[in-house]
Amino acid sequence: MAKIVLLEKIHASAADYLHEHGFTDVQQIPTALSGNSLIDALAEADAVGIRSATHIAAEALTMLPQLRAIGCFCIGTNQVDLTAATAFGVPVFNAPFSNTRSVAELVIAEAILLLRRIPEKNARAHRGYWDKVAKGAYEVRNKVLGIIGYGNIGSQVGILAESVGMRVCYFDIESKLPLGNAKPLKSMEELLRQADVLTFHVPGGAATEKLLTMERLALMKPRAVVINASRGKVVDIDALNQTVREGMIAGAALDVFPSEPANEKEEFISPLRSLDNVILTPHIGGSTEEAQENIGREVAEKLARFLKSGTTRSSVNFPEVPHTDKPVKSRVLHVHKNEPGVIARLNAEFANNGLNIVAQQLQTRGAIGYAVTDVDGEVSPELRAKLCSASAVIRCYLV
């Protein structure tokens, strides 16, 4: 049976699910790993589960030829070199939906707190100052929530915002069907001018770095607030710091940062720390018991299905083959270069060895192809070696 290593305090629901489905060799390591420590821990692993602090680069994959799958127990997959994983024939799975509600609830809570000026009044009360004034404090009802990125989380935020009486508009580079009464806008600048609350829900990467600059912050209302629970590099922190300190906007809430501590022992550094009207949280948007439990089960299920039957449905980097039960004794998983003649040669080898193909699924994605083939007899070690040594083959194994 396959060996699975789970890092970074992944919720117990993951190990429980794997044990319930026959995986007895599940090792749990509570910390993130890097360098040689990571290689040593995964030396015999067939699959690894990580969160956001463990990074798996091409160099690591080169040194882990037996690693068959990576599970990111979170939404993002930026911590994995997806191009390299694909080239090595390693599917990567994540949990794009399981913590959606938790992040959305945090955003709405922060919107209410910021518009009511609760963070600064709370800080002053702790210092003994009784700041009992209504100036600058607003209800969220009839205020405009502007959403940058109207995906799984952004659209959920919009639905919750409408339930407390907010008006919702959004901007996305792709055409997205609005939910509820949300209104799509044609440009980010148009949204910035209208928003009382601006919230970001975009993926990481070069295309989304510093979306919120000094020039764009200058377009916002003086009473507006900014929330970022997406990626740390989306907001220009220095520009945000300046605009808040100068009163150009009323406040902000950040859950993600360009540079984050590796653990609780490392000091969190930010120019925003001294500002009473800024909420700073340590990347906990999806850190609820419910979300982590759901993520644990979701990603564990994807890893288990791949290791048992070759299912790659919802993989972020791989041709997607849906789940099917294995009706025969031998199932061959064949990852190969996407070029003409590969499947014909594969099937010819089965025929030459007297094996009838009972079922076969083939999908391609970019430069690679992935075939799942069920045959009606035993695949000999000699045949397996021949299949794996073909020039176009990236990976080939039995499940």
Screening 152, 142 for residues that are at positive phi, touching a residue at least 24 places away in the same chain (Cβ under 8 Å), of a type outside the set (A, V, I, L, M) and open to solvent by 40 Å² or more (accessible area, probe 1.4 Å) leaves only 142
The one condition residue 102 fails out of (1) touching a residue at least 60 places away in the same chain (Cβ under 8 Å); (2) out of contact with any Lys or Arg (no Cβ under 7 Å at 6 or more places or on another chain); (3) more than 30 Å from residue 277 (Cα to Cα) is (3)
Exception for residue 42 within (1) more than 29 Å from residue 208 (Cβ to Cβ); (2) touching a Gly at 6+ places or on another chain (Cβ under 8 Å) falls at (2)
In the set 330, 314, 270, 259, the lone residue that is out of contact with any Leu (no Cβ under 8 Å at 6 or more places or on another chain), of a type in the set (Ser, Thr, Tyr) and at negative phi is 259
By residue number, the members of region 175-216 that are among the small types (Gly, Ala, Ser) and either within 19 Å of residue 153 (Cα to Cα) or under 24 Å from the mean Cα position of the chain (by Cα) (or both) are 175, 180, 182, 195, 204, 205, 206, 207
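Do you know which residues across region 184-199 are open to solvent by 30 Å² or more (accessible area, probe 1.4 Å) and farther than 20 Å from residue 115 by Cβ? Steps first, answer last, please.
Pass one, region 184-199, residues open to solvent by 30 Å² or more (accessible area, probe 1.4 Å): 184, 186-187, 189-190, 193-194.
Result: 184, 186, 187, 189, 190.
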For residue 56, the lone unmet condition from (1) over 18 Å from the mean Cα position of the chain (by Cα); (2) under 19 Å from residue 90 (Cβ atoms); (3) β-branched (Val, Ile, Thr) is (1)
Residue 89 meets each of (1) open to solvent by less than 10 Å² (accessible area, probe 1.4 Å); (2) touching a helix residue (DSSP H, G or I) at 6+ places or on another chain (Cβ under 8 Å) with one exception, condition (2)
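From 95, 123, grab the single residue that is within 22 Å of residue 283 (Cα to Cα) and over 22 Å from the mean Cα position of the chain (by Cα). Lay out the reasoning, then the answer.
Details: 95 fails: over 22 Å from the mean Cα position of the chain (by Cα).
Of 95, 123, the one residue that is within 22 Å of residue 283 (Cα to Cα) and over 22 Å from the mean Cα position of the chain (by Cα) is 123.
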Selection from region 290-331 of residues in a helix (DSSP H, G or I), in contact (Cβ under 8 Å) with a residue 40 or more places away in the chain and not aliphatic (A, V, I, L, M) yields 290, 292, 293, 294, 296, 297, 298, 301, 302, 306, 308, 309
| task | Check whether at least one residue in region 254-272 is under 30 Å from residue 387 (Cα atoms), out of contact with any strand residue (DSSP E or B) (no Cβ under 8 Å at 6 or more places or on another chain) and open to solvent by 60 Å² or more (accessible area, probe 1.4 Å), and report yes or no. | result | no
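The values are calculated or read from the model by the stated rules, or taken from the named source; none is laboratory data. Keep in mind that this is a model prediction, so the values were computed, not measured. Quick reminder, even Gly has a Cβ in these numbers, built from the backbone with ideal geometry, and neighbours come from all protein chains shown. Heavy atoms of the whole protein, side chains included, go into the accessibility calculation; ligands, DNA and RNA do not. Shrake-Rupley method; radii C 1.70, N 1.55, O 1.52, S 1.80 Å.
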